[in-house]
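A.B. asks: Can you keep this structure in mind? I'll have questions shortly.
The values are calculated or read from the model by the stated rules, or taken from the named source; none is laboratory data. Owing to the predicted nature of the structure, the values given are computational and were not obtained by experimental measurement. So basically every Cβ, Gly included, is an ideal-geometry build from the backbone, and we count neighbours across all protein chains shown.
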Amino acid sequence: MNPVTVTSIYSAVTAFEVEGVTVTIDKTEKITTSAGNEVDAIRLVTFELPEGAQPSVADITYADVSFKVPDTPMGDTMMSARLRFDWSALTATSDTSLVPAEDQTEEKSPAVDVTDEKTGVHVSAAEGVLPVGSELKVTKVSAGTEYTKAANALADVGSSFELYEVHFEKDGQEVEPDGSVVVKYLIPAGMNADNVVLYRINDDGSKTLIKGSVENGYYVVTTKGFSYYALVEKASTDNGNKNNNNIDNNGNNSGNNNSGNAGTTDNGSAAGGNSNTAGGSANTADNSNSGVKTADSSAMGMWAAAFFASLSAAGLAIFKRKKRPEEKED
């Protein structure tokens with residue numbers, strides 16, 4: 001919808017309704033009417049044609065609508081009218097901003113398959129899981145508060161461990177995956193692969209066992225979030241289910257969430273990411289995270305005509321036409 005000028009009066013539609021259906025106001029623009037009032041002019045609306053508006057003849061549709069155009073001879077009240085749509089006269093627009101979001105095809109971000117060169121940590125994810133341009137950030141932590149927290153949490157498991165902080169960044173901001181990612185931790189030389197397990201070190205100092213498997217010298221897990229993770233060699237046959245340890249079978253909880261239930265198991269499944277193309281480069285930072293009141297009827301008619309002309313010129317709405325029974329999907 002466009003603002004309308006008739007003689008010396010300038011205004012626009014500020015309210016619009018279609019009988020029987022819900023109208024969504026998709027776009028407005030502030031304008032100043034000829035009376036000097038600032039109003040929100042409706043530029044784009046979306047609605048579905050009601051059942052009663054379906055055509056009785058081919059390619060013609062009518063809809064009962066109401067609208068308001070302030071500071072004009074029509075006054076500040078809702079006016080009623082019928083809109084006529086001639087489907088045979090419609091042409092496609094090149095303005096993609098007029099396409100409803102649900103009809104737009106969103107291009108998925110590429111799959112991710114990247115390895116951090118310094119630590120050997122490898123991450124893969126399917127299309128659409130991580131934003132385009134995301135960069136893998138891995139820090140091997142060997143001292144400081146987080147390291148001490150991990151050592152205390154793992155005291156009943158084993159003293160030989162490697163602590164990593166893993167996450168992705170885009171434009172300097174940390175991003176979370178929108179789905180599952182597969183993370184492979186390189187098992188260090190000297191660790192017995194048969195006794196290696198992975199724990200997430202939670203903010204409160206507790207630990208959560210992340211179940212995984214040993215594959216070709218890596219401990220492989222599937223997760224939906226990133227945090228501090230410790231790859232530890234068990235000093236005994238302890239299976240990690242005692243001393244209020246949490247067990248996460250697929251890493252669905254992020255590092256800031258704690259189960260709080262002793263010896264509980266999350267059995268939710270997660271899709272992995274068998275991907276072949278790279279979606280980001282690997283970077284590592286050691287030990288860092290990283291407003292006319294009266295008029296005659298002729299003036300009223302001029303305004304109504306001008307209004308509908310503006311609709312024809314601008315394209316009143318983006319709407320969905322309900323298919324007639326004989327119509328089929330292409």
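A.B. asks: Just for region 170-186: of the residues that are not hydroxyl-bearing (Ser, Thr, Tyr) and not in a strand (DSSP E or B), which one is farthest from Glu127 (Cα to Cα)? Spell out how you get there, then give the answer.
C.D. replies: Our first condition is that a residue be not hydroxyl-bearing (Ser, Thr, Tyr); within region 170-186, this holds for 170-179, 181-184, 186.
Of the ones still in play, those that are also not in a strand (DSSP E or B) are 171-172, 176-179.
Values: Asp171: 20, Gly172: 22, Glu176: 14, Pro177: 11, Asp178: 10, Gly179: 10 Å.
The selected residue is Gly172.
A.B. asks: Every residue in region 140-161 that is under 34 Å from the mean Cα position of the chain (by Cα) and part of a strand (DSSP E or B), please.
C.D. replies: Lys140, Val141 - these are the residues of region 140-161 that are under 34 Å from the mean Cα position of the chain (by Cα) and part of a strand (DSSP E or B).
A.B. asks: A further question on this structure: Within region 202-214, track down each residue that is aliphatic (A, V, I, L, M) and either surrounded by fewer than 21 Cβ atoms within 10 Å (Cβ to Cβ) or modelled with pLDDT of 95 or more (or both). If you could, list the steps in order and put the result at the bottom.
C.D. replies: Going through region 202-214, the residues aliphatic (A, V, I, L, M) turn out to be 209-210, 214.
Correct list: Leu209, Val214.
A.B. asks: Could you tell me whether region 54-71 includes any residue that is over 19 Å from Phe85 (Cβ atoms) and in a strand (DSSP E or B)? First the steps, then the outcome.
C.D. replies: Looking only at region 54-71, we keep the residues that are over 19 Å from Phe85 (Cβ atoms), and these are 68-71.
Filter again for in a strand (DSSP E or B), leaving 68.
Yes, because at least one residue in region 54-71 is over 19 Å from Phe85 (Cβ atoms) and in a strand (DSSP E or B).
A.B. asks: Going through Glu169, Glu174, Glu165 one at a time, which residue ends up being surrounded by fewer than 16 Cβ atoms within 10 Å (Cβ to Cβ), closer than 17 Å to Tyr228 by Cβ and within 31 Å of the chain's Cα centre (by Cα)? Steps first, answer last, please.
C.D. replies: On the way: Glu169 fails: surrounded by fewer than 16 Cβ atoms within 10 Å (Cβ to Cβ); Glu165 fails: surrounded by fewer than 16 Cβ atoms within 10 Å (Cβ to Cβ).
Criteria check complete, one pass: Glu174.
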